[in-house]
Structures are given as C-alpha cells and as structure tokens.
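Reading through the structure tokens given below for one structure.
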C-alpha cells in the first residue's frame with residue numbers, strides 16, 4: 001500500500017485528502033518511482049479548483065516530482081531500476097508516495113543535483129528555459145519584463161536572463177520580495193501597487209520592452225500590453241489572478257502591432273527529444289552556478305492543503321516542495 005493526496009470534488013485546499021491506496025504496478029512502457037520530493041506549482045491549484053479539469057474524480061493532482069525507479073514495465077529502455085529520475089509533465093498524479101509514468105517522460109538526474117532540487121526546479125526551470133530560448137529568444141542587451149519576479153519561475157527567469165546578458169525589470173507585491181528579486185538578477189523592481197507602464201517607460205527611456213513574461217493573467221494583461229515596445233510580445237503563461245477575459249484583437253494593432261502568445265510546457269516538451277534537450281539545458285545552467293534553485297518552503301505531502309493556502313496567499317517565495 002501507499003499514501004497519496006486525492007480530491008473527490010473541486011474546491012478549496014480542504015478538498016485534498018490524505019488516503020491509503022494500493023501501490024501502482026507499472027504497465028508496459030512505464031516505470032514506477034519511489035518519490036523523494038514533489039514540486040508545488042500554481043497549476044496544481046488550477047486542477048484542485050477545477051479551472052483545469054482532471055480526467056476523472058477522485059484524482060491525484062500534481063505535475064512534478066523526483067525519486068528513484070523501483071520497478072519497470074515491459075519494454076522499458078529509457079530508465080532502469082535504481083536510476084534517479086525527475087519529471088514535470090502530465091498526466092497529473094504527483095501528490096503520491098509512489099506513482100507510475102511513461103518512461104519516455106522521465107529524465108535522469110545528473111550527479112550534483114539532489115532529488116529535492118530536481119523536484120523544485122523541473123517544471124519551473126524548464127518553463128523558464130522554453131520561455132527564454134524558444135517562445136521569445138532573448139538577446140544580450142535587451143531589457144525585458146518579468147512578472148511575479150520573486151516566485152518560482154520568476155527567480156529562475158531573472159537569473160537566467162541576467163546570465164544571457166539582459167537587463168531585467170521585475171514586478172513583485174512587497175518590498176521584501178523586491179529585495180529577493182534584486183538578489184537574483186532583477187536590475188529594476190516595480191511593486192504591483194505602482195503604475196507599471198509608467199515605470200517601464202521611465203526605465204527604458206520611453207521605449208518599452210520587447211517582451212513581457214506574464215504568469216499573473218487577468219490583473220496584469222493590459223498593463224503588460226502597455227509596457228511593450230511596438231511589435232513587442234506578451235507571453236502569457238499563467239493565470240494566478242484568474243484567466244484573461246476575451247478582448248478585441250484590434251487593441252493589439254492600436255498599441256503597436258503587438259503579439260500575444262499562450263504557451264505551455266507540454267507543447268514544448270511533447271517529444272522525448274525535446275524533453276531531454278530542455279532538461280539538459282536546465283541542468284547545465286544550474287550545475288554551472290549561473291542559476292540557483294531556492295527551495296524556500298518544505299511541507300510534508302500530507303500537509304499539502306496548508307501549502308496550497310500559503311501559495312494562494314502569496315506567502316511563498318522561490319520554490320516549494322512536498323516531502324512524501
């Protein structure tokens with residue numbers, strides 16, 4: 001037997017229940033992982049509340065984890081029993097002590113990176129990788145805008161963009177988070193209580209930024225557009241404040257032939273080759289020391305409800321892990 005957090009209906013953190021379940025057995029092409037750490041991400045809140053629908057209920061939520069392979073199904077060649085592995089893609093099911101996944105969705109963890117660090121960085125770090133290198137490939141000398149700069153993805157984006165030679169403007173909700181963002185590569189920090197477009201125009205001498213990486217959603221959509229330079233791109237990759245409401249495409253023309261894109265990690269890592277390349281790029285920059293992964297909160301997996309409450313109340317910074 002094993003334990004997992006399940007939801008039987010959508011709703012608040014209290015809907016997550018710690019339950020004993022039969023230990024899963026790997027099917028052909030799958031590997032079973034004895035999980036050592038599970039990552040906490042805002043997408044978990046979306047699945048818990050029903051903004052994103054689980055395939056069926058009851059469901060085990062969670063997208064990211066790391067541990068050791070303790071069994072493999074028929075035909076598995078990508079990993080072997082005893083391998084340290086991590087993952088950060090669907091299907092959901094990470095909030096468990098033991099789980100099975102398709103072996104081609106796993107990546108081996110290199111020496112020098114712990115399971116806790118891997119669980120804390122895979123989803124957020126690979127998100128930062130595709131945002132900076134694929135969705136809008138940044139160039140040295142550019143000034144870019146990063147929302148929620150003290151969050152998990154935000155801290156990685158700031159460090160990695162700075163490593164690539166960018167000037168980073170970050171947004172945060174408190175002065176304490178402003179200091180954290182500055183310590184991790186943000187050259188300028190704007191509080192969410194300030195007039196963002198005015199601050200960006202002041203910092204850039206009126207030019208605006210070529211790209212805004214926005215995980216906040218509804219509350220920052222228009223301020224992000226108004227912070228862009230002509231032909232700039234708004235990369236909307238999250239909905240922390242709620243989904244963006246429908247808008248008139250003519251706004252993009254009126255504000256300077258702007259672009260809006262809504263990418264997902266699953267699309268950018270859909271093939272095993274894309275997944276391993278994205279993970280390798282992340283492992284390389286972390287092992288080099290250019291990007292440091294901050295595990296600032298740890299909770300027992302059985303206390304996932306408290307972790308969700310703190311995440312939604314913006315009490316967390318950097319990465320958070322759940323320990324099975």
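The values are calculated or read from the model by the stated rules, or taken from the named source; none is laboratory data. Remember, it's a predicted structure, so these values are computed and weren't measured experimentally. Here the Cβ is made from the backbone with ideal geometry for all residues, glycine too, and neighbour counts use every protein chain on show.
Scanning segment 92-119 for residues that are out of contact with any strand residue (DSSP E or B) (no Cβ under 8 Å at 6 or more places or on another chain) and free of Cβ contacts under 8 Å to residues at least 40 places away in the same chain, which turns out nearest to residue 297 (Cα to Cα)? Outline the logic, then answer.
First pass over segment 92-119, keeping only residues out of contact with any strand residue (DSSP E or B) (no Cβ under 8 Å at 6 or more places or on another chain): 104, 110-114.
Next cut, free of Cβ contacts under 8 Å to residues at least 40 places away in the same chain only: 111, 114.
Details: 111: 23, 114: 16 Å.
Ranking the candidates gives 114 first.
Among the residues of segment 96-108, count how many are farther than 21 Å from residue 274 by Cα and either under 17 Å from the mean Cα position of the chain (by Cα) or in a loop (DSSP other than H, G, I, E, B) (or both).
Here the count works out to 1.
Within segment 109-153, take every residue that is closer than 25 Å to residue 174 by Cα and part of a loop (DSSP other than H, G, I, E, B) and give me the one that is modelled with the lowest pLDDT.
Across segment 109-153, the extreme among qualifying residues is 150.
Quick check on segment 1-17: of everything there that is modelled with pLDDT of 95 or more and assigned to a loop (DSSP other than H, G, I, E, B), which residue is surrounded by the most Cβ atoms within 10 Å (Cβ to Cβ)?
10
Can you pull out the residues in segment 231-256 that are in contact (Cβ under 8 Å) with a residue 12 or more places away in the chain and in a loop (DSSP other than H, G, I, E, B)?
Correct list: 237, 238, 239, 240, 241, 242, 243, 244, 245, 247, 255, 256.
When you scan segment 257-324 for strands (runs of 3 or more DSSP E) that lie fully inside it, which ones turn up with 2 or more residues that are surrounded by fewer than 19 Cβ atoms within 10 Å (Cβ to Cβ) and in contact with a strand residue (DSSP E or B) (Cβ under 8 Å, 6 or more places away or on another chain)?
By residue number, 259-261, 295-300.
Among the residues of segment 65-95, which ones are at pLDDT 95 or above, crowded, with 24+ Cβ neighbours inside 10 Å and not in a strand (DSSP E or B)?
94, 95
Criterion first (surrounded by 24 or more Cβ atoms within 10 Å (Cβ to Cβ) and touching a strand residue (DSSP E or B) at 6+ places or on another chain (Cβ under 9 Å)) does residue 191 satisfy it?
no
Answer yes or no as to whether residue 224 is under 22 Å from the mean Cα position of the chain (by Cα) and outside any helix (DSSP H, G or I).
no
Which ones in segment 106-128 are over 15 Å from residue 41 (Cβ atoms) and in contact with a helix residue (DSSP H, G or I) (Cβ under 7 Å, 6 or more places away or on another chain)?
Result: 107, 109, 110, 112, 113.
Could you list, in sequence order, the residues of segment 22-37 that are in a strand (DSSP E or B) and surrounded by fewer than 18 Cβ atoms within 10 Å (Cβ to Cβ)?
As a first pass, look at segment 22-37 and keep what is in a strand (DSSP E or B): 30-37.
Within segment 22-37, just 34 meets the criteria.
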